[in-house]
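Enquirer: Dropping the structure in here first, questions after.
Read-outs throughout are calculated quantities, based only on the coordinates presented, and are distinct from any laboratory measurement. Bear in mind that the values here come from a model prediction, so they are computed numbers and not experimental data. For neighbour counting, all protein chains shown are included, and Cβ atoms are generated from backbone atoms with ideal geometry for every residue, glycine included.
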Amino acid sequence: MVLVVDDESVIADTLAEILSRSGYHGVAEYDGDSALETALLTPPAMLITDVVLPGMTGIELAISVRRIFPECKIILFSGQASTADLLASARENGHHFTLLNKPLHPQDLLRRVSEGLKSKQVPVAAQ
């Protein structure tokens, strides 16, 4: 499962749909707490999350998921310049994550997911 988290439901839903149509099991959530609950029920192979979320930040979510599921691949994305400080703080604490800028292009997203999961399954869009 690829867990996609964004407080803008249209973004989370669209990205999960793109992943699902490309052969991945994309699941959308809209906040960190719900995403963590979903991850505990079905461990994700990958977490793709916006950095800025209500309550728990995407970085806090990523750190929590990585602690529980060390093999889970993480991709962060953001449309806000202020996330650089949050990311720098995470790096100082030994957490290194890939950051993509919004808007995400579907081809770039699929390439990153494929590379991250090193899946034998080739998404249709990449053929």
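Enquirer: Spelling out what I want: for every residue of segment 107-115, take phi, set θ = phi - 60°, compute 6.51 cos²θ - 1.76 cosθ + 1.60 (Karplus), and round to whole Hz; glycine and proline get x.
Expert: Result, rounded to whole Hz: 5, 5, 4, 5, 5, 5, 5, 4, 5.
Enquirer: If you put +1 on each Lys and Arg Cβ and -1 on each Asp and Glu Cβ, how big is the dipole of segment 2-116 around its Cα centre, in Debye rounded to 20?
Expert: 480
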